Amino acid sequence: MALRVARPPLVGFRKPAVGDSTLWLGRSTAREMGRLLEGIHEGTRTSRESSEEMMAILRRQLSSSRLPRYVGFEASVAHKTGDWPPFGGSDVGILFHEGGPTVVAIYTGQNRGDFVELERTLGRIAVELVQGWR
């Protein structure tokens with residue numbers, strides 16, 4: 001007998017799904033993500049070796065249009081972006097700077113403006129954190 005796979009309707013991929021969290025594939029809060037990042041950084045969520053590997057992966061993130069956008073040489077950033085343009089663009093990470101490290105988790109949704117401006121705003125938030133925690 002052939003294996004049958006149930007395929008739900010693609011309602012989760014229509015624009016209205018962005019605002020309806022019951023249709024998402026998974027959910028997490030900024031607080032949960034912040035605690036996860038803190039645990040990865042401190043090595044309390046898994047082995048030290050695994051934590052170091054995860055931090056290395058986060059440091060190699062290629063996207064620089066959000067948290068790292070304006071911090072330049074003031075900070076290095078280990079982060080992971082999340083996207084659903086043009087409605088949502090998120091970034092969570094750790095800013096390594098003179099007064100840090102600082103864990104930051106920014107989720108956006110229901111964006112109705114320019115997506116590039118949304119990304120710039122996340123970059124400005126990172127600058128404020130780095131400069132504010134000197």
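A few points about this structure:
- Search result, residues across the stretch 75-96 that are touching a Lys or Arg at 6+ places or on another chain (Cβ under 9 Å) and not in a strand (DSSP E or B): Pro86, Phe87
- Filter result (among the acidic types (Asp, Glu) and within 11 Å of Val104 (Cβ to Cβ)) within the stretch 59-93: Asp91
- Residue that is farthest from Thr108 (Cα to Cα), among those in the stretch 1-54 that are assigned to a helix (DSSP H, G or I), hydrophobic (A, V, I, L, M, F, W, C) and modelled with pLDDT under 75: Leu10
- Selection count where residues are under 21 Å from Gly123 (Cα atoms), without any contact (Cβ under 8 Å) to a residue 60 or more places away in the chain and not hydrophobic (A, V, I, L, M, F, W, C), scope the stretch 36-65: 6
- Set Thr102, Thr108: member being β-branched (Val, Ile, Thr), at pLDDT below 95 and either buried (at least 19 other Cβ atoms within 10 Å of the Cβ) or at negative phi (or both): Thr108
- Residue list for the stretch 47-59, restricted to those being over 17 Å from Pro101 (Cβ atoms) and under 20 Å from the mean Cα position of the chain (by Cα): Ser50, Glu53
The values are calculated or read from the model by the stated rules, or taken from the named source; none is laboratory data. All of these numbers come straight from a predicted model, not from anything done at the bench. Heads up, the Cβs are rebuilt from the backbone with ideal geometry, glycines too, and the neighbour counts pull from every protein chain shown.
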